[in-house]
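Notes for the one structure printed next.
The values are calculated or read from the model by the stated rules, or taken from the named source; none is laboratory data. No experiment lies behind these values; they were computed from the predicted model shown. Neighbour counts run over all protein chains shown; Cβ positions are idealised from the backbone, glycine included. Please note that ligands, DNA and RNA were not included when accessible areas were found on the heavy atoms of the full protein model with its side chains. Shrake-Rupley method; radii C 1.70, N 1.55, O 1.52, S 1.80 Å.
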Amino acid sequence: MNDTPHSSTEPGTPLRRTLTTTLLYFFILGDVLGAGVYVLVGQVAAESGPAVWLPLAVALGLALLTAASYAELATRFPRAGGASHYATLAYGPFVGFLAGFCMLAAGVVSVGALARGFAGDYLAEFVSLPVALVAVVFLAALALLNLRGISESTRANAVATVIEVGGLVLVIGLGAWVLLRGDGDVGRLADVGTAGSGPTAAVLSGAVLAYYSFVGFETSVNVAEETRNPRRAYPRALFGALITAGLVYVLVGCVAAAAVPTQTLVDSSGPLLEVVKEAGGVPPRVFSVVALVAVANGALLTGIMTSRLTFGMARDGLLPRALTRVLPGRRTPWAAIAATTVLSLLLALTGSVATLASTLVLLLLVVFFIVNTAALVLRRKHPAGEHSDHERSDRDHFRAPAVVPALGAASCVVLATQVEGEVWLRGLIVLAAGCVLATCVTLRRRARQQA
């Protein structure tokens with residue numbers, strides 16, 4: 001995965017191109033291999049039945065469809081801004097703002113879900129405390145680390161990523177040991193469906209939650225502008241990281257389902273801990289530490305992204321100006337950090353992990369639908385061979401077959417139909433707020449242009 005040497009800077013971008021394919025691969029892998037699988041395997045089993053690996057595999061396939069659209073757009077328009085930038089080019093500022101707002105809201109929801117996950121069975125191995133108290137302390141600690149500075153946060157992330165990947169490999173090994181010694185039930189891997197849902201509906205419902213485990217790849221488009229030879233590097237790193245994460249997740253799903261009774265997984269808020277207990281040999285507390293580090297790391301990364309996105313949108317006049325205030329000395333956006341932390345806390349106190357994860361997925365499905373359709377719209381706006389100063393020529397960017405973004409958009413619609421009514425209610429409130437703000441922003445821009 002090495003790139004051919006060339007200049008670290010190129011015309012048209014003020015940023016240095018320092019990321020190689022290998023570095024970008026690990027960046028994306030670390031973002032995707034997060035805490036979702038540590039807390040959601042049991043919830044996926046509740047929706048899909050014992051064959052947990054199947055909705056994980058389906059979610060991987062659906063994520064790859066949308067990833068293809070991101071690969072095309074990131075190599076054609078290798079600039080920071082991601083989904084919001086592509087949506088603005090394709091549809092204008094209203095949809096562009098809405099896409100950015102949904103990304104912001106999804107980040108806040110994700111941190112709330114991880115706060116609840118931190119307060120579950122993994123922490124209970126050490127101490128039993130009310131969820132509300134744990135959520136308050138957990139989010140306050142993350143906010144303080146975020147306030148301290150980005151360098152301290154990223155150093156903590158590097159260590160945590162190694163630990164959380166090691167934890168997943170440990171689960172796979174322990175689950176395999178359970179099966180090799182003759183325990184467990186491999187037959188559960190073929191048992192699809194629940195008492196209330198047939199196989200197809202159960203798998204799709206489980207895939208909505210499983211999709212949460214694959215999110216994170218979409219943030220990598222913001223570093224395409226800093227990647228050496230992004231046309232070659234970005235697609236390779238993106239698809240390589242997603243496939244690697246998918247294989248790890250599917251293996252985790254297989255061993256968890258085969259080694260542990262399904263109802264035990266469903267009833268646990270720390271389902272992978274049940275695999276460790278079933279295997280023996282490794283103290284549950286040791287693995288609980290690994291899982292807690294993974295959950296905290298996921299929340300920290302998302303909290304950093306969300307607070308910086310909030311600061312950036314406020315600086316651009318898209319959110320209240322007060323959110324641009326920074327901490328003297330540290331120069332960290334304390335107002336944005338405080339605001340996003342409070343919102344995440346409110347969500348953590350009012351929703352379950354499964355509900356919050358589904359809300360996050362719903363918001364991202366809106367963003368992914370916009371990105372997939374934007375890939376098709378921009379092909380018509382800028383046919384092959386035509387390009388402006390801010391995009392690469394057709395020969396220089398990744399191009400997926402036209403059916404892929406179409407299928408990606410369709411998959412977003414299909415998954416959205418599997419989202420429960422309670423989750424839709426939360427999502428529609430967020431979307432309505434986004435539409436109101438987008439309208440205000442659009443009208444303000446028009447007034448400035450006419451002045």
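Values for this structure:
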item	result
Exposure rule at most 11 other beta-carbon atoms within 10 Å, DSSP loop trypsin sites (Lys or Arg not before Pro): the chain longest free segment	1-180
Helix 421-450 axis, angle to the chain major axis (alpha carbon atoms, nearest 10°)	10 degrees
Computed [θ] at 222 nm, deg cm²/dmol, the chain (DSSP H ≥ 4; -39,500 (n - 2.57); rounded to nearest 500)	-24000 deg cm²/dmol
For the chain: accessible area per residue (Å², 1.4 Å)	41 Å²
Tilt relative to the chain, helix 284-315 - C-alpha long axis, 0 to 90 degrees, to 10	20 degrees
Crossing angle, helix 36-48 versus the chain [Cα axis fit, 0-90 degrees, rounded to tens]	70 degrees
Label assignment, P(r) over Cα pairs in 10 Å bins from 0, in percent derived from the structure, set (1) 4, 21, 32, 27, 13, 3, 0, 0; (2) 4, 20, 26, 21, 15, 10, 4, 1, 0; (3) 4, 13, 15, 16, 18, 16, 10, 5, 2, 1, 0	(1)
Only Lys, Arg (+1) and Asp, Glu (-1) charged, at Cβ; the chain dipole about Cα centre in debye	1740 debye
